[in-house]
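These notes are about the structure you will find just below.
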Amino acid sequence: KRLILIGPPGSGKGTQSPIIKDDYCLCHLATGDMLRAAVSAKTPLGIKAKEAMDKGELVSDDLVVGIIDEAMKKPSCQKGFILDGFPRTVVQAEKLDEMLKNQGAKVDKVLNFAIDDAILEERITGRWIHPSSGRTYHTKFAPPKTPGVDDVTGEPLIQRKDDTAAVLKSRLEAFHKQTEPVIGYYSQKGIVANLQAEKPPKEVTVEVQKALSS
Ligand code: AP5
Ligand code: ZN
């Protein structure tokens, strides 16, 4: 399967991705995770992306399309993939269609994580992540066994630099202006499944499974 996960910051894309990935043996390509890794390694890509990310604005289409084009060539992505956080503009969606067309493939399903903006600040400001595995915790909704420590490795958890109430405002603005039209783009193709993303994580997983079995 070739899946796209679309939703505002904190809607649960990164939380559901590992579950879907294991259930369907897909590769998980999260442009935000890849960009953060590039920023912390101070690669040329990271240096270019950092300013926009810190402000909660989108990185240029050319940069992210380049990353995805490269990542999709990996052998583990040939059978199928989950795109988490890409495409985020209509231009990115069109470029993706072109890339897939060259391989004789297409997007199978778009999961739209629909949720009210008002819920997102609490989710974002309470999030803690384990950077090397991508595991995500929440002080209230998914607390680690020991505060500030990853359950599996015992390594420290960190907070994302853009997970503040102020930067969230810009991220939401970018979502409504630039990414919501992408949902329209795929609706016209009849492949969007709407999820009620404000439900508890396990119930959202059930919705995902229903959407993918139909
Ligand atoms: P990115 O990393 O993609 O961030 P985002 O879209 O803002 O999404 P988040 O990762 O914040 O949300 P999520 O839906 O994954 O939430 P999660 O599951 O972790 O992008 C970051 C930046 O990179 C962008 O601002 C941009 O600058 C750049 N970028 C990335 N892709 C780009 C692109 N294609 N084009 C241009 N620029 C790009 O959940 C959040 C919290 O809530 C967690 O703590 C979790 O435990 C908790 N939680 C999850 N589900 C539930 C639930 N059902 N109930 C209660 N709590 C829950
Ligand atoms: Zn995420």
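Annotations
- Number of positions in the stretch 155-198 that are open to solvent by 50 Å² or more (accessible area, probe 1.4 Å) and over 30 Å from residue 108 (Cα atoms): 8
- For the stretch 11-55, a residue qualifies if it is over 9 Å from the mean Cα position of the chain (by Cα), near ligand 1 (Cβ under 10 Å from one of its atoms) and more than 15 Å from residue 111 (Cα to Cα), and the qualifying residues are 34, 35, 36, 39, 49, 50, 51, 52, 53, 54, 55.
- Filter result for the condition that a residue is open to solvent by less than 80 Å² (accessible area, probe 1.4 Å) and over 20 Å from residue 20 (Cβ atoms), over 144, 201: 144
Let's see how each residue does on (1) within 15 Å of residue 99 (Cα to Cα); (2) in contact (Cβ under 8 Å) with a residue 60 or more places away in the chain; (3) within 16 Å of ligand 2 (Cβ to nearest atom):
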site	(1), (2), (3)
11	no, yes, yes
42	no, no, no
65	yes, no, no
80	yes, yes, no
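- Residues of the stretch 108-141 satisfying the condition of being exposed (fewer than 15 other Cβ atoms within 10 Å of the Cβ) and farther than 20 Å from residue 162 by Cα: 108
- Filtered by the rule that a residue be outside any strand (DSSP E or B), open to solvent by 50 Å² or more (accessible area, probe 1.4 Å) and of a type outside the set (Ser, Thr, Tyr), the stretch 1-37 gives 1, 18, 19, 21, 22, 23, 25, 33, 34, 36, 37.
- Failed item, numbered, when residue 98 is tested on (1) under 28 Å from residue 24 (Cα atoms); (2) without any contact (Cβ under 8 Å) to a residue 12 or more places away in the chain; (3) assigned to a loop (DSSP other than H, G, I, E, B): (3)
- Candidates 33, 61, filtered to the one that is more than 16 Å from ligand 2 (Cβ to nearest atom), touching a helix residue (DSSP H, G or I) at 6+ places or on another chain (Cβ under 9 Å), in contact (Cβ under 8 Å) with a residue 12 or more places away in the chain and not hydrophobic (A, V, I, L, M, F, W, C): 61
- Any hit, the stretch 51-58, residues being in a helix (DSSP H, G or I), open to solvent by 90 Å² or more (accessible area, probe 1.4 Å) and within 16 Å of ligand 2 (Cβ to nearest atom): no
- Check on residue 117, of a type in the set (Asp, Glu) and at pLDDT below 95: no
- Count of the stretch 38-50 residues, restricted to those that are out of contact with any helix residue (DSSP H, G or I) (no Cβ under 7 Å at 6 or more places or on another chain) and either open to solvent by less than 10 Å² (accessible area, probe 1.4 Å) or closer than 17 Å to residue 178 by Cα (or both), is 0.
- Scanning the stretch 68-93 for residues being in contact with a strand residue (DSSP E or B) (Cβ under 9 Å, 6 or more places away or on another chain), open to solvent by less than 20 Å² (accessible area, probe 1.4 Å) and outside any loop (DSSP other than H, G, I, E, B) gives a total of 8.
- Out of 52, 41, one residue alone is modelled with pLDDT of 95 or more, of a type outside the set (Phe, Trp, Tyr) and closer than 30 Å to residue 198 by Cα. It is 52.
The values are calculated or read from the model by the stated rules, or taken from the named source; none is laboratory data. These numbers were taken from a predicted model, which means no experiment stands behind them. Backbone-built Cβ (ideal geometry, glycine too); neighbour counts: all protein chains shown. The area values use the complete protein model at the heavy-atom level, side chains included, leaving out ligands, DNA and RNA. Shrake-Rupley method; radii C 1.70, N 1.55, O 1.52, S 1.80 Å.
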